[in-house]
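The next block holds one structure in the form of structure tokens; read it before the comments.
All of the numbers you see were taken from the coordinates with simple rules; none came from a lab. All figures in this text were calculated on a predicted structure; none of them were measured in a lab. We place every Cβ from the backbone using ideal geometry, glycine too, and count neighbours over all the protein chains shown.
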């Protein structure tokens, strides 16, 4: 009886530590976006290159990569890099499609 409660407490501690590490990663990604968005909005177009759109696209790709990495690790038990690559490719195609049209 006491051993079962100790095991439950240990599992809870590991779960909390894992959730804390996930929250740290997501917080860092969001902070990066909060830094990049004002830079993008303050920028102007340079020649035919739309700087704000590119900076926002990069910020979106970074956030999607972090979320994709977490999903790959937690749900599919695959390395996080795989999820980051797939999310980066998917958002890259969608973000830069405007330049191809």
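Label zone of residue 93 (point 7 Å out along Cα→Cβ, amide N under 17 Å): in the range 70-87 this covers 82-87. For residue 8 and residue 85, the difference between the fully extended length at 0.36 nm per residue and the C-alpha to C-alpha distance is 24.2 nm.
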